[in-house]
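The values are calculated or read from the model by the stated rules, or taken from the named source; none is laboratory data. A quick note: this is a predicted structure, and the numbers were derived from the prediction, not measured. Quick reminder, even Gly has a Cβ in these numbers, built from the backbone with ideal geometry, and neighbours come from all protein chains shown.
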Amino acid sequence: MIIPTFNVPTIFILITVLCFILTSPQAQSIKRGRNEGTSNIAASNVTGSGNISLKANIKSRYDGKGFGSDPDGSLTVGIGELLQFSGAVSLSNFKSLGSARADAQITLPGNNSLRFFGMALQGSLFLSTEIDTVSSSAASGKPEYHSYIRPSMVFDLDWISHFKKFPLKTYLWLGSYDNADLLFKYSQCAVRMGFEWRNIKNSYFTDIGLGFYKEKKTRSNPGDKNFAQQTFWIEPGARYRLFNRISLLGALRVLVLQKTKPVNGLIPNYIRLTMGIEIPLIYKETNTEAIRTMIFIENQKIKHLDIISRSINEQKKMKTDFEINFDNLENDISQETDEQESLKRREEIKAKMDEIEHILETLDE
């Protein structure tokens, strides 16, 4: 019976191949939404025709009024390849109904493929439940609830479409609101940038945002002539995929700089922790994410093949080094043998010369 023997590099190669076999099907079963983005910026892609996803968040904050937590939930539906609708509702500190909103997003044709540049136009309808008792139209003792329509645009660059080993996605969002809960009091505009490193399952991102606020005219206040108040924040976070389907999100926003007026200034929001979950209720993989998965699998194949090739080359190198050392040993042995034979011949010659010298001495006598 012949028992096979394996050296360490061979075992390492077998383990690498086994890991590749086990991880490839897993990569193909991952469900990523085409509209996934960062905590504050959704991608310019729409979610995909017929796809439905559910999202829930809880945002805990510490601001100028103290601690508070606002949960919210949203539902997104894909209509065709260019359009999606979503609706969201929130609770204010778990006590009362907060703002509600409805969003529509239309994207560029061809955004269903993995491309470098993407753009989308967004329209948001905010149904404010904040009690307005300060605006000029609010009658004394009769608070008002207002609705607001605010447009925005998002641009994104998907770098993996040009560089297969560089899965970075960058975002730029331009909007006519920063904090929807304060639209009854301030005219607003905002700029947000996002940087997302999208791995095969999980992703890591950082958002930065700059908001501009102009107080509206009220019965007792003439308002601001320009955007006299600004706020600047940064928000790192991560997306973790559970069971290859459900996304868990976490992000921490920190106020970096805020410029306010000395009188009736904007209330600062110092820190905010957001925890969320996204569940695809109906999911059909879109071309964008199918191509992205193929790229990741191809990169994995190349990586594993490089490891295997490196191991084989190391085996060859070990063998070559052994052969070189063996050849050197042979040369050393051969050289030592030649030196011994040469020494023996010298001794024989010396013995003969001594014998001749002895004979000559005998003749002289």
With respect to residue 240, determine if the residue is without any contact (Cβ under 8 Å) to a residue 40 or more places away in the chain and part of a strand (DSSP E or B).
yes
Six or more apart or on different chains, Cβ atoms under 6 Å: show the pairs whose first residue is in region 31-43 and modelled with pLDDT under 90 and whose second is aromatic (Phe, Trp, Tyr).
31/283
Of the conditions (1) among the β-branched types (Val, Ile, Thr); (2) free of Cβ contacts under 8 Å to residues at least 24 places away in the same chain; (3) in contact with a strand residue (DSSP E or B) (Cβ under 7 Å, 6 or more places away or on another chain), residue 256 fails just one. Which one is it?
(2)
Which residue is farthest from residue 181 (Cα to Cα), if the candidates are limited to region 196-229 and must be polar (S, T, N, Q) and surrounded by 16 or more Cβ atoms within 10 Å (Cβ to Cβ)?
203
Within region 107-129, track down each residue that is under 15 Å from residue 82 (Cβ atoms) and surrounded by fewer than 16 Cβ atoms within 10 Å (Cβ to Cβ).
108, 109, 110, 113, 119, 121, 123
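Does any residue of region 1-13 turn out to be polar (S, T, N, Q), more than 23 Å from residue 118 (Cβ to Cβ) and modelled with pLDDT of 75 or more?
The answer is no; no qualifying residue exists.
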Pairs needed: first member in region 184-209, aliphatic (A, V, I, L, M); second member anywhere, outside any strand (DSSP E or B); C-beta distance under 6 Å; at least 6 residues apart or different chains.
190/178; 200/27; 200/296
Out of the residues in region 130-154 that are assigned to a strand (DSSP E or B) and either hydroxyl-bearing (Ser, Thr, Tyr) or at pLDDT below 65 (or both), state the one that is surrounded by the most Cβ atoms within 10 Å (Cβ to Cβ).
152
Residue 250 vs. criteria in contact (Cβ under 8 Å) with a residue 12 or more places away in the chain and closer than 30 Å to residue 32 by Cα:
yes
Looking only at region 177-196, and only at residues there that are in a strand (DSSP E or B) and either among the polar types (S, T, N, Q) or modelled with pLDDT under 95 (or both), the one that is nearest to residue 44 (Cα to Cα)
188
Looking at (1) touching a helix residue (DSSP H, G or I) at 6+ places or on another chain (Cβ under 9 Å); (2) at pLDDT below 85, which is the one condition that is false for residue 126?
(2)
Quick check: is even one residue across region 155-166 farther than 28 Å from residue 293 by Cβ and in a strand (DSSP E or B)?
no
Given the residues 53, 96, 39, 44, which is the only one that is of a type outside the set (Asp, Glu) and more than 22 Å from the chain's Cα centre (by Cα)?
96
